[in-house]
Amino acid sequence: MSHHTRTPPRLRYHNPMPRRLFITCLLTLLIPALASAQDQTLTLRPAFKEGQTRTYEEWALWTTTTDVQFPGGVNNRQEILKVNALTRWEVLRVRPNGSATCKLSVDWIELQIEASARGETDRFTVDTRKGPGDHKPIHDSLSEVVNNPLTYTFAPDGTIEKVDGVNQRKLRIDNVGLDRLKQEAIFGVASETQPGNLPATLREGSTWKQTLDGYAFENINLELPLQYQAQTITTIEDVPIAIVSVTARPKLIEPETPPLPPGATPPDFQPGPTSYDSEIFFDLDRREVAARHSSQSQSYTLRLNAPNGNITVTRTEAIQSQSLRVQTSD
């Protein structure tokens with residue numbers, strides 16, 4: 001098997017922030033030199049090959065703020081979660097129609113948590129490559145992901161048909177349930193390293209759509225109607241690259257109201273502003289994602305009638321994430 005490193009060693013940072021900034025800087029440098037290819041047709045549909053692998057460095061940052069206003073005052077809380085991980089895809093089987101079964105393994109995960117409230121801040125890090133320390137429940141949950149790869153079945157256009165193996169992640173199932181865990185597994189891949197609904201052929205300026213169902217905050221359903229557009233074709237490190245922009249207006253779905261006492265006023269749920277922007281770099285030789293970076297935000301306000309006065313909860317969530325391919329094999 002031949003091994004290729006698509007990202008030069010000098011760009012394979014261990015610090016996630018420079019790695020994220022690299023893609024933005026790369027776009028700025030490329031703009032003056034992008035060749036016009038208006039009449040060139042291309043396909044971004046996967047070209048699966050049995051035994052083929054690709055490895056990604058993954059980075060994500062969640063910043064969630066919660067403001068609670070009640071008759072006696074205001075409580076504020078902020079949580080920051082940073083995730084670094086190394087993930088690996090392997091093509092297990094390719095069918096005559098171009099569909100394929102692939103295995104997704106997570107080699108390791110590092111989670112950094114910072115929580116601030118009432119003038120105090122708690123910080124800690126959990127890393128599956130190290131011992132659990134004082135955070136065994138979180139370490140066990142992350143280790144369960146590392147120890148239990150998932151198997152995906154993809155249609156020829158890249159759409160996920162099913163995912164297997166989630167039933168082995170029992171700690172997460174106990175927390176959120178099997179149905180949600182399956183949806184999380186599909187959403188995480190389809191919105192990152194394997195877009196679906198890909199047209200058979202494209203040109204610069206071509207657009208297509210894909211709608212994904214996911215989750216925001218801890219337990220609010222989210223609909224993500226993605227709009228893709230092929231922006232331009234260029235060459236990076238002798239690899240032909242198609243740059244695709246992605247935009248969406250995430251839609252928060254109002255949660256179901258639990259049973260209320262007779263005469264009680266139902267809570268008032270009001271979604272706030274939302275946004276989603278992403279840039280994907282497709283390797284046209286291997287027809288797979290070489291790099292991707294995304295920014296997403298959403299918010300809501302919940303008003304509750306309490307015996308001692310009204311309570312208003314306002315929450316905002318901002319997410320930045322990046323996938324950077326660091327190695328491939330055929």
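See the values below:
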| item | result |
| --- | --- |
| Restricting segment 205-242 to residues that are of a type in the set (A, V, I, L, M, F, W, C) and either under 14 Å from Thr41 (Cα atoms) or assigned to a loop (DSSP other than H, G, I, E, B) (or both), the residue that is nearest to the chain's Cα centre (by Cα) | Phe217 |
| Residue match in segment 148-158 (condition: within 19 Å of Asn84 (Cα to Cα), in a helix (DSSP H, G or I) and of a type outside the set (A, V, I, L, M)) | no |
| Residues within segment 285-319 that are buried (at least 19 other Cβ atoms within 10 Å of the Cβ) and not in a strand (DSSP E or B), tallied | 1 |
| Some residue of segment 151-163 being under 25 Å from Gln112 (Cα atoms) and of a type in the set (S, T, N, Q) | no |
| Test for Thr234: is it among the polar types (S, T, N, Q), at negative phi, in contact with a Pro (Cβ under 9 Å, 6 or more places away or on another chain) and surrounded by 13 or more Cβ atoms within 10 Å (Cβ to Cβ) | yes |
| Scope segment 92-140; condition at negative phi, charged (D, E, K, R) and part of a loop (DSSP other than H, G, I, E, B); matching residues | Arg95, Arg129, Lys130, Asp134 |
| Of all residues in segment 206-221 being surrounded by fewer than 20 Cβ atoms within 10 Å (Cβ to Cβ) and touching a residue at least 60 places away in the same chain (Cβ under 8 Å), the one that is farthest from Trp59 (Cα to Cα) | Ile220 |
| Close pairs (7 angstrom Cβ cut-off, 6 or more residues apart or separate chains): surrounded by 16 or more Cβ atoms within 10 Å (Cβ to Cβ) in segment 42-58, assigned to a strand (DSSP E or B) and among the acidic types (Asp, Glu) anywhere | Pro46/Glu288; Thr53/Glu90; Arg54/Glu288 |
| All positions within segment 157-167 that are surrounded by fewer than 16 Cβ atoms within 10 Å (Cβ to Cβ) and either in contact (Cβ under 8 Å) with a residue 24 or more places away in the chain or basic (Lys, Arg) (or both) | Glu161, Lys162 |
| Residue among Ala185, Ala200 that is modelled with pLDDT of 90 or more, exposed (fewer than 14 other Cβ atoms within 10 Å of the Cβ) and among the hydrophobic types (A, V, I, L, M, F, W, C) | Ala200 |
| Top-ranked residue of segment 262-284 - restricted to ones that are touching a strand residue (DSSP E or B) at 6+ places or on another chain (Cβ under 8 Å) and part of a loop (DSSP other than H, G, I, E, B), ranked as surrounded by the most Cβ atoms within 10 Å (Cβ to Cβ) | Thr274 |
| Unmet criterion (only one of (1) under 22 Å from the mean Cα position of the chain (by Cα); (2) outside any strand (DSSP E or B)) for Pro259 | (1) |
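The values are calculated or read from the model by the stated rules, or taken from the named source; none is laboratory data. Predicted, not measured: the structure shown is a model, and the values here were computed from it. All Cβ positions, glycine included, derive from the backbone under ideal geometry; neighbour counts span all protein chains shown.
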